[in-house]
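Taking it in order: structure first as structure tokens, then the write-up.
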Amino acid sequence: MQPKLAAKVRCSDKEIGEITKVIVDPLSLQVSYVVIRQLGTDQIERQVPISEVQEISEKEVRLRGSSEEFGRFPTLDRGQYVTTKEIEIAHLEDHLHVEPGEVLVPLPGLEQDVPRRTFFTNMTHAIGMLIALPLVFPVLKYVMKPMYAPFDNQWFPVGNVRKIKKEDTGVQFKFKRKFKEAFMPVQNIEKNVWVVKASPELSKSVYDGKEKKFYDHKGDLVWVNKPNFPYIAYSGKCPHLGCGYKWRKIRKLPEPIFLCPCHLSFYDAAGKVLDGPAPRPLDVLPIQVNSAGEIKVIDVEYKAGVKQQVRVL
Ligand code: FES
């Protein structure tokens, strides 16, 4: 016979409480402890091994020892158990006939030991990743390839210096460039640069007497603009958000300026920001001019909207 919940519990000398719960061994599906609420206390519940139960009748459960010995059984640590409503135990009801009330099952060791459980969870994930990696890697490599493509350092002929009639004046040169955006087909797009024939003052304002160096994606030096070279090329993209800009005479200003109409950034002929949201000066490009006056540039592109030059193309 199994102990009934709410059954009275008696020791050898007197009644000491009633059964409030039973604890079941999840492997054998047998009752391993009875939980007894001590008479006269609402809170104190002691767990008593089933081996200490001497007799179970319809009316009561009788323990082997005295009430004094009963007081030495440990109180129930509720956190160590879950109810069978919380976790389902197969075939439990075939073995247990304790109704109504709470049937407890000890928490498995792994559940109590969170670091160990985390370890096993992580290990399962790691094994899963190891298995999946050979399958996922080629796809990732294909998708991420455009992000790691080397920069294009080819020189583009853009025009002849004969087009430039005046010092310190912006002159636009257009050219075509084959361009492939990620997985789109190759397109032939029109681009432009602004070239200025720089006076010594303007060169100083741009270079401050220092060489301007350009690097590839590995950090290798690609080109150096000398500070005394008389021609300066600027990327045709505004460093704010990449719009095209113009060389314009503004009524209130004595000299023409570069004006980006998108958000009204103003730059002087040296590319310095005079006004507006632009975070940095115009981007100077690698430039060379041959003996026939043909201008070539490398169409370097930098990230828009940031203070520092971060090369992206
Ligand atoms: S893109 Fe030129 S000011 Fe915003």
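The values are calculated or read from the model by the stated rules, or taken from the named source; none is laboratory data. Here the structure is a predicted model, which is why all the values come from computation and not from measurement. Positions of Cβ are backbone-derived with ideal geometry, glycine not excepted, and every protein chain shown enters the neighbour counts. For the accessible areas, the whole protein counts, side chains as well, though only heavy atoms, and no ligand, DNA or RNA atoms are used. Shrake-Rupley method; radii C 1.70, N 1.55, O 1.52, S 1.80 Å.
Evaluated against (1) open to solvent by less than 10 Å² (accessible area, probe 1.4 Å); (2) within 11 Å of the ligand (Cβ to nearest atom), residue 243 falls short on exactly one condition, (1).
Would you confirm whether or not the range 216-236 contains a residue that is away from the ligand (no atom under 16 Å from the Cβ), among the aliphatic types (A, V, I, L, M) and part of a helix (DSSP H, G or I)? Among the residues of the range 216-236, not one is away from the ligand (no atom under 16 Å from the Cβ), among the aliphatic types (A, V, I, L, M) and part of a helix (DSSP H, G or I), which makes the answer no.
Given the criteria away from the ligand (no atom under 13 Å from the Cβ) and under 14 Å from residue 196 (Cα atoms), does residue 254 qualify? When the stated conditions are applied, residue 254 does not pass them.
Residues in the range 240-285 that are of a type in the set (A, V, I, L, M, F, W, C), over 15 Å from residue 307 (Cα atoms) and in contact (Cβ under 8 Å) with a residue 24 or more places away in the chain: 247, 258, 262, 269, 270, 285. Cβ-Cβ distances below 9 Å connect the following pairs, each with a first residue in the range 156-170 that is more than 12 Å from residue 196 (Cβ to Cβ), a second residue that is among the small types (Gly, Ala, Ser) and outside any loop (DSSP other than H, G, I, E, B), and a separation of six or more residues or different chains: 158/233.
Scanning the range 281-308 for residues that are open to solvent by 10 Å² or more (accessible area, probe 1.4 Å) and charged (D, E, K, R) yields 294, 296, 301, 303, 307.
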